[in-house]
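Structure first, commentary second.
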Amino acid sequence: MLALSVSTHAAELEVTHWWTSGGEAAAVAELAKAFDEKTEHTWVDGAIAGSGSTARPIMISRITGGDPMAATQFNHGRQAEELVEAGLMRDLTDIAEAGNWREVINPPTLLDACTVDGRVYCAPLNIHSWQWLWLSHKAYEDAGIPVPTNWDEFVAAAPALVEAGKIPMAMGKQGWQQSGAFNVMILSLLPAEVYLSVYEDKDAEVAAGPEVARIFQAAAAAREMSAESNVQDWNQATNLVITGQAGGQIMGDWAQGEFQVAGMTAGEDYTCLPGLGVNKTLQTGGDAFYFPVLDDEELTAAQGELAALLLEPETQVAFNLKKGSLPVRGDVDLEAANDCMKKGLEILASGDALPDVNILISSDTRVQIEELFVEFFADSSITPEDAQARYADIIADAD
């Protein structure tokens, strides 16, 4: 009878996400381990390979098609906005209040991004920032030149790397990576007010103006430096840096997980430059879990347990140390953080953080920008001026 009683309340919880690289898999394993050990339920992993651009349409199709998973990853921001408005996502307000999420989550904008009409619809898990330039010590040593300390030095070092048979800049041939690098340049190489004018205010005049023109010239330089980077996925590009085949990569702090899996040490084997070594300001994006509305009471109860568990201090530390991201809780101990994570924590503590692009623009606008940069990086005949004109038109119609 006891066994029957226990099995009645245990649930198998399908969780979908796009964490499939080595570092990501190690991180998500920490979540599954905590859930399986601390509850009577079982984590059923629903990893979808191919990054968020591939996974999100599949996740959304399942939810809208009546075949929802129990929990699913999205980025902080507006990616699940329409699902919430359609009543397809569970209200987590009672769990958030019981866990004092409003008091412990830092910065508060992450919880704000989960909040619609005063109700909480997602559990923030981590803080990721895009504004990092990862540099291979081996590549520069082989080329006989110093490791760059900022973007201008990185560009200037490109010819020496090419002469040594290296790829100056690793980049996967996917729109989210290319547009992500462009957005890093806007925030890192220009005053923060320009970034906010474009993405928060949707100011097409600024998007078409001379300051943003400088960034399109920088994007053209990145296109030339990454021309021989013939890989698709971001972690394949990171591996080019890890193995010394490429000088550097603009990528979010999730790249740290790949360096850790490779057994590399920050400051010795590789260097990380926040803000491209120029403006050390971070976008605070990252990941959150949403929980589709279900008819099954046992699964619904298990959803609540997972939502609460994600914000527990032990879970936050275990996951984020493996993921390379920062915890959303401002009260956890990250003494084991490496040099790059400590740089991010210091910037976050200083208040030098702005909302991620995904929080400021809709998914439709994001996709249009990604498609523009896929074309721009694939076709060197597209001038920076022509690309900027198209970009300004997208911003003019952005919502």
Report summary line: Other residues with Cβ under 14 Å from the Cβ of Asn338 give, with Lys and Arg +1 and Asp and Glu -1, a net charge of -3
Query - the chain - convex hull of the alpha-carbon atoms, volume per residue in Å³ - result: 132 Å³
Query - Peptide ranges 302-311, 327-336, 363-372 listed from the most packed, as the mean C-beta count within 10 angstrom indicates - result: 302-311, 363-372, 327-336
Report summary line: The simple spin-label model distance between Asp339 and Thr54, using points 7 Å out along Cα→Cβ, in nm, is 3.4 nm
Query raised in the report: For the stretch 7-46, what % of the accessible area comes from carbon and sulfur atoms, probe 1.4 Å?
Result: 48 percent
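Place the peptides 40-49, 271-280 in order of packing, highest mean first, counting for every residue the other Cβ atoms within 10 Å and averaging per peptide.
Numbers: 40-49: 16.2, 271-280: 20.9.
Final packing ranking: 271-280, 40-49.
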Query raised in the report: Between Ser362 and Leu196, what FRET efficiency follows from the Cβ-Cβ distance if R0 is 22 Å, with the result rounded to 0.05?
Result: 0.85
Query raised in the report: So, by mean Cβ neighbours within 10 angstrom, what's the order for 345-351, 211-217, 314-320, 378-384 with the highest one leading?
Result: 314-320, 211-217, 345-351, 378-384
Report task. State in Å² the accessible area per residue of the chain; use a 1.4 Å probe, count heavy atoms of protein chains only, and round to the nearest integer. Result -> 40 Å²
Query raised in the report: For Lys322, what accessible area in Å² do you get when you roll a 1.4 Å probe over the heavy atoms of the protein chains, rounding to the nearest 10?
Result: 80 Å²
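Could you calculate the contour length gain from Asp379 to Arg214, that is, 0.36 nm times the residue separation minus the distance between their Cα atoms, to one decimal place in nm? Numbers along the way, then the final one.
Numbers: separation 165, 0.36 × 165 = 59.40 nm, distance 1.92 nm.
Full extension from Asp379 to Arg214 adds 57.5 nm.
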Query - Mean residue ellipticity (222 nm) of the chain, computed from DSSP H runs ≥ 4 via -39,500 (n - 2.57), nearest 500 - result: -15000 deg cm²/dmol
Query raised in the report: Of Lys33/Lys322; Lys323/Lys343; Lys138/Lys166; Lys33/Lys343; Lys138/Lys323, which sit over 19 Å apart, Cα to Cα?
Result: Lys33/Lys343; Lys138/Lys323
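The values are calculated or read from the model by the stated rules, or taken from the named source; none is laboratory data. In this text, all values refer to a predicted model and were calculated from it rather than measured experimentally. Virtual Cβ from ideal backbone geometry, glycine too; neighbours counted across all protein chains shown. With ligands, DNA and RNA removed, areas are computed over all heavy atoms of the protein, side chains included. Shrake-Rupley method; radii C 1.70, N 1.55, O 1.52, S 1.80 Å.
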